[in-house]
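Undergrad: Quick one: structure below, then a few questions.
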Amino acid sequence: MSLLKVDKLTVQFGGIKALTAIDFEMEEKEILAIIGPNGAGKTTLFNCVSGVYHPTSGEILFAGESLLGLSPDRIAQRGIGRTFQNIRLFNNMSVLDNLMLGRHMKFQRNILQAFLRIRKEELLHREKVEEIIDFLDLAAYRQARVIDCPYGVQKRVELGRAIVMEPKLLLLDEPVAGLTVEEKNRVAYLVTEMRGRFGFGILLIEHDLRIVSRLADRMVVLNFGQKLAEGNPAEVQRNPEVIRAYVGEG
Amino acid sequence: MNLVESYKDDLKLIEKPWTGCWITMTVIALLLLPWFGNEHLIYMGTLIFIVSVGIMGQNILIGYTGQISLGQAGFLAIGAFSFGHMAQMGLPIGLALLGAGCMAAFFGVLVGFPSLRLKGPYLAIVTLGFGIAVYQTFASFEVLSGGRMGLVIPKFPALFGLTREASMYYFSLFLGIAFTLATYNLISSYMGRAFVAIRDNDIAAEVLGVNLTRYKLLSFAISSFYTGIHGAMFAMFMGFIDPQMFNFSESLIIFVAVVIGGLASVEGAIFGAAFVILVPQVFSGYKEFVPVIFGVTVIFIMIFEPLGLAGRWFKMRLYYRNWPFR
Ligand SMILES: Nc1ncnc2c1ncn2[C@@H]1O[C@H](COP(=O)(O)OP(=O)(O)O)[C@@H](O)[C@H]1O
Ligand SMILES: [Mg+2]
């Protein structure tokens, strides 16, 4: 059984068809990249999988079970984590608290313990968070307010917040956009490392064909809401339609 | 600066020895006040403790969870009248207080439901409507409000050879401290984190598995519980209530106290309470100007110190902690 199966997914905003009958599947521990020009519908696809948007028609199966109609928090509980194209962090909290929120679902939550300051759980989950802080090299920023951190650090905090959820499927919406070349390479390394270390399946949106063809096992190409091509990076890059879409874009 | 040696140290309520020192001194001063202060000071102190509880509650909702509410007077009235009726039926004070808080919390959940759909000014309008509706209900039904004479409420008894006033003072101080500690604990827990997450970015919170329905309603319930206790204590303090005491301007005063004290700050709630109690006292000769002072202060705070009095306080502490270095 595949980890994620998207079947004839269609999303319409008024008159605009953002996605038209999209089909694809991905396996466990696979890194699948979604590529395509701006406005192709990549983010819309992510929003459907994570429950932020509800598709007009079609089906999304996660580990064989439908995700349609579930709220984002229920989908998170099923084991899907994500990051956003435009960073969505909790700006007034510290980096540490942002990451601790990633553990929210795993907390044994008890209102009485909250009021009485019983913090066993807090210490337990702090261990996991510290492990990710090391992994992402965020120790220097642990207590800093997120909004005071540089852009590259914020990107990594968002990545970390999704990792500590320990999802089965991780959705990364343009994780290297806006980063310096050095930072890009670092994040690219982290993505492959993550799969090996934590065993996530990773669905990845990226513009940069060079980076993506190095990272991904397979790619799905979207253009104007339609699937243009699918296959391994070498195949896709040779596909004449893909070349036309990319060159045509400028 | 002292180094944090374990994760546990990060979770301590009082981090610096200095903080512990001045808190202890403040509490001792407050404990001794009835011996040295006059009746007026005891009166003011009691009122500030009572109001602080309500402001803390509303700060949980407005400051931490980011849900703008203008219906506080409604919860005050529900707390006050529930307490009044239960006390008249002969329930012990503790139980009646708990009942009043729970009643207000129940209505808090009801008012919270629109917050699942509405944001910002729209939510403010709905809650404002709730406050007015509660006022009208109490004003029109004499069974609830005790009629034209209002509801007479048994005052707090004199205990341990103290005067009634001093006993009430200590009881309010005790509740004030208990609620302050509980609030600090709450906001530093997973729940407080979820509240702030909803305020800062509700979509991100949801995607991390925070159930918006549950936490928004919880925030409404908890904050209304606090405000219900505030209303009940106020009723006991006055010994008499009528609906007129809970009109819209009460909601505004609570809102002003939250903003002036400082959004998302527990100390701020206490400062805010002190502010809205003390200013009318200081300017008692010019009652018409009190709302003007409130309004102008809010504007100044918004422009120069968005974190309110608590923000000022924090900067002062930072300044003295680092003294003589800047
Ligand atoms: N909430 C929305 N309301 C209306 N149109 C939307 C909404 N979200 C996305 N769209 C439209 O859907 C199309 C695809 O957008 P998007 O998924 O963000 O593209 P991509 O991420 O591939 O750049 C665009 O034309 C965009 O304007
Ligand atoms: Mg996009």
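The values are calculated or read from the model by the stated rules, or taken from the named source; none is laboratory data. These numbers were taken from a predicted model, which means no experiment stands behind them. Cβ atoms come from the backbone with ideal geometry, glycine included; neighbour counts cover every protein chain shown. Heads up: the accessible areas ignore ligands, DNA and RNA and are worked out on the full protein's heavy atoms, side chains in. Shrake-Rupley method; radii C 1.70, N 1.55, O 1.52, S 1.80 Å.
Undergrad: Being in contact (Cβ under 8 Å) with a residue 24 or more places away in the chain and either more than 8 Å from chain A (Cβ to nearest Cβ) or β-branched (V, I, T) (or both) narrows it down to one residue among B:V196, B:V210; which is it?
TA: That would be B:V196, the only listed residue that is in contact (Cβ under 8 Å) with a residue 24 or more places away in the chain and either more than 8 Å from chain A (Cβ to nearest Cβ) or β-branched (V, I, T) (or both).
Undergrad: Can you confirm whether the stretch B:76-84 contains a residue that is surrounded by 23 or more Cβ atoms within 10 Å (Cβ to Cβ) and touching a strand residue (DSSP E or B) at 6+ places or on another chain (Cβ under 6 Å)?
TA: Scanning the stretch B:76-84 turns up at least one residue that is surrounded by 23 or more Cβ atoms within 10 Å (Cβ to Cβ) and touching a strand residue (DSSP E or B) at 6+ places or on another chain (Cβ under 6 Å).
Undergrad: Select the helices (runs of 4 or more DSSP H) contained entirely in the stretch A:159-250, then report the ones holding at least 1 residues which are of a type in the set (S, T, N, Q) and either away from chain B (no Cβ under 14 Å) or within 16 Å of ligand 1 (Cβ to nearest atom) (or both).
TA: Qualifying helices (runs of 4 or more DSSP H): A:181-198, A:209-215, A:233-238.
Undergrad: Mind listing whichever residues of the stretch B:48-75 are open to solvent by 10 Å² or more (accessible area, probe 1.4 Å) and of a type in the set (S, T, N, Q)?
TA: Correct list: B:Q67 only.
Undergrad: If I ask for residues that are surrounded by 20 or more Cβ atoms within 10 Å (Cβ to Cβ), more than 6 Å from ligand 1 (Cβ to nearest atom) and more than 26 Å from A:F200 (Cβ to Cβ), which ones from the stretch A:10-46 would you list?
TA: Residues satisfying the conditions do not exist here.
Undergrad: A further question follows. Tell me, yes or no, whether the stretch A:56-78 has at least one residue that is among the aliphatic types (A, V, I, L, M), more than 21 Å from A:K227 (Cα to Cα) and within 11 Å of ligand 1 (Cβ to nearest atom).
TA: No, every residue in the stretch A:56-78 fails to be among the aliphatic types (A, V, I, L, M), more than 21 Å from A:K227 (Cα to Cα) and within 11 Å of ligand 1 (Cβ to nearest atom).
Undergrad: While we're on this one: Look through A:L101, A:L89, A:L68, A:L123 and report the one residue that is within 15 Å of B:M191 (Cα to Cα) and either more than 11 Å from every other protein chain (Cβ to nearest Cβ) or not acidic (D, E) (or both).
TA: A:L101
Undergrad: Do any helices (runs of 4 or more DSSP H) lying entirely in the stretch A:1-118 carry at least 3 residues that are farther than 26 Å from A:L215 by Cα, more than 17 Å from the chain's Cα centre (by Cα) and away from ligand 2 (no atom under 14 Å from the Cβ), and which ones are they? Talk me through it step by step, then tell me what you get.
TA: Working: elements: A:42-49, A:72-78, A:95-102, A:111-115.
Result: A:95-102, A:111-115.
Undergrad: Next up: Take B:F107 and decide whether it is among the aromatic types (F, W, Y) and open to solvent by 50 Å² or more (accessible area, probe 1.4 Å).
TA: Considered against the rule, which asks whether it is among the aromatic types (F, W, Y) and open to solvent by 50 Å² or more (accessible area, probe 1.4 Å), B:F107 comes out as yes.
Undergrad: For B:G285, all conditions in the list (1) modelled with pLDDT under 90; (2) under 15 Å from the mean Cα position of the chain (by Cα); (3) more than 14 Å from chain A (Cβ to nearest Cβ) hold save one; what is the number of the exception?
TA: So B:G285 meets the others, but not (2).
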